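Heads up, the thing below is written out as structure tokens.
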Amino acid sequence: MPCRANILITELFDTELIGEGALPSYEHAHRHLVQENCEAVPHRATVYAQLVESRRMWSWNKLFPIRVQTSLGEQVIVPPLELERCPGAPSVYDIQLNQVSLTDFTVLSDVLPMFSVDFSKQVSSSAASHSRQFEPLASGQAQVVLSWWDIEMDPEGKIKCTMAPFWAHSDPEELQWRDHWMQCVYFLPEEEPVVQGSALCLVAHHDDYCVWYSLQRTSPEKDGRAHPARPVCDCQAHLLWNRPRFGEINDQNRTDQYVQALKTVLKPDGVCLCVSDGSLLSMLAHHLGAEQVFTIENSAASHRLMKKIFKANHLEDKINIIEKRPELLTPADLEGKKVSLLLGEPFFTTSLLPWHNLYFWYVRTAVDRHLAPGAVVMPQAASLHMMVVEFRDLWRIRSPCGDCEGFDVHIMDDMIKHALDFRESKEAEPHPLWEYPCCSRSVPQQILTFDFRQPVPLQPICAEGAIELRSRVSTGLLKPAEDKGYCCWNPHCKQAVYFFNTTLDPRVPPGGPQTVTYTVEFHPHTGDVTVDFTLSDALDRPGLASGLGGDLFPFCVFALRLLAPD
């Protein structure tokens, strides 16, 4: 550069504001690249926070006691003290907070402006703390901090962009959907009781890349406390289980379903082998009367975690942990016994798409020689289901921009479309659909079944068919779509989404022959599922956004349903 610039234009933000290195980048720019009185676009950012109590969100961070009804009475699986005291994972949990019901949390504070960054002045990436005194609006357990930010694009603050959820938005009618910037959920190191009207300090801490929060009785400036270090998980559970996995394990209704299924297949002299990553199923099997229980944990970290949990429940001598890959299992690992019940949720930390958990089928195949005659496999089967839906907003991540604020960006649209046509449009994307409202445009349809009672076949499993599109109408849907077609999805799992490149022809009258034909294939050698679609009576035309006047934007959603033994 021949001279320093007097205007600094950047987009360095993520949902947490500073997680992509905004602070050190601005710091470097002011020191080396721009004039002292430069103008920055955007001009200023402000981070806001709100303290809440929420059992649902707290279940994403802590292991709750799990109740098991047995013939001998109620048994309770308790978390180790180390898990209860652990501050949790250091990373923020970014979600579409607008999809969390207001009934799922209790507001304990007003929305508090925690700190601001003026990008036109020198910025520091050094660690800092910012405290705000407040009086709780209600008594309760302080557990979670909800946070978001806004940016003022100009010095006068006339042009503002906010990430505020609907209940904190100045004009809910102007609420803008975004998926690149959402809202933040932070978990306090431990829950703390608060009393309505009794003053407290909420403190936002940050280093150069991360933000975290603490609740204090007095301002840190007054007691001279040093900046605390960023919280780091020391129990290993938060390193092995992500937030949806915590929620899944804490789902008592889900546990009760497994208990009911286990009661139908467990025998007093049974030998049970559990195969899932960091699963508590082995403890359920023990409490329900299995004579001997083995569980396979592939990693040393998972082995250590499960050992802690077993010890906290006095089961370290009751359940045998085998730390090796299933295909390397030997008779000696099972103490020379044959397995009468092969058990899995299934859950594996490497799974992204619904069919990735079919790894359980490969495990069942690998341990086939260790199964006793007549051994029960649970789940005994899985079925893949498909449904065509119309998203309220998620379609925007694939919609061409066209003209943006007077700029013609068709060249970028064409480039992206070419890339999608080349590969990505033929691949499924994992999305947690509870965060993305949609309406069903077909009835759910079972398209493939996988029989875990038999080993993985050598030949592919194929199916062809057609789905009729209608205006109305598991690990996917929790219940049938409502009369208006609104879908209720499992909040603990991601579903597979295929985005179509076409929009249906709006000239076809309602109830006309609009269908999606499909060919689906399961490939045993890779464990992958491939699908090809054809939209009948469709127009393959660019400019997906042009159809907002009433065109149907179809997307295919896949979910896996697990079947217990009869």
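Gain on full extension, evaluated as 0.36 nm per residue between L72 and N37 minus their Cα-Cα distance, stands at 5.0 nm.
Put simply, when 393-401, 381-389 are sorted by average Cβ atoms within 10 angstrom per residue, most first, you get 381-389, 393-401. The label point for D532 and the one for A564, both projected 7 Å from the Cα toward the Cβ, are 4.0 nm apart. Dividing the summed helix terms, -39500 (n - 2.57) for each DSSP H run of n ≥ 4, by the number of residues in the chain produces a 222 nm estimate of -4500 deg cm²/dmol to the nearest 500. Of the listed values (i) 21, 54, 23, 2; (ii) 18, 49, 26, 6, 0; (iii) 18, 45, 33, 4, 0, identify the label whose number matches P(r) over Cα pairs in 20 Å bins from 0, in percent calculated from this model. The value computed from this structure is option (iii).
If you average the sequence gap of Cα pairs under 8 Å that are 6 or more apart and divide by the length of region 62-164, what percent do you get for the contact order? It rounds to 16 percent for region 62-164.
Shape of region 251-378 from its Cα gyration tensor (a ≥ b ≥ c, root eigenvalues): rounded if a/c is under 1.5, otherwise prolate when a/b > b/c, or oblate? Rounded, because the longest to shortest axis ratio a/c is under 1.5.
For the pair R453 and N242, the difference between a 0.36 nm per residue extended length and the Cα-Cα distance amounts to 72.9 nm.
Taking a straight Cα-Cα cut-off under 18 Å and skipping sequence neighbours fewer than 8 places away in the same chain, the lysines within cross-link reach of K307 are K62, K318, K324. Across region 5-234, the relative contact order, built from alpha-carbon pairs under 8 Å that are at least six residues apart, equals 29 percent. At full extension, K158 and A199 could sit 11.4 nm farther apart than now, given 0.36 nm per residue minus the alpha carbon distance.
Label point of R56 set 7 angstrom out along Cα-Cβ; within region 62-106, amide nitrogens under 17 Å from it belong to 62, 93-106. Treating r as the C-beta distance of K417 and T365 and R0 as 35 Å, the FRET efficiency rounds to 0.30. Rounded to the nearest 20, the Cβ-based charge dipole of region 5-234 about its Cα centre (Lys and Arg +1, Asp and Glu -1) stands at 500 debye.
Using 1/(1 + (r/R0)^6) with R0 = 41 angstrom and r between the beta carbons of D208 and K337, what's the FRET efficiency to the nearest 0.05? For R0 = 41 Å, the calculated efficiency reads 0.15. When only Cα pairs below 8 angstrom with a gap of at least 6 residues are kept, region 317-459 shows a relative contact order of 33 percent.
Under 17 Å from a point 7 Å along the Cα-to-Cβ line of K307: which residues of region 71-99 have their amide N that close? In region 71-99, the label zone of K307 (backbone N under 17 Å from the point 7 Å along Cα→Cβ) covers 80-83.
Bear in mind these aren't lab numbers, they're just calculated from the coordinates by the rules spelled out. Just so we're clear, the structure is a prediction, and the values are computed from it rather than from any experiment. Backbone-built Cβ (ideal geometry, glycine too); neighbour counts: all protein chains shown.
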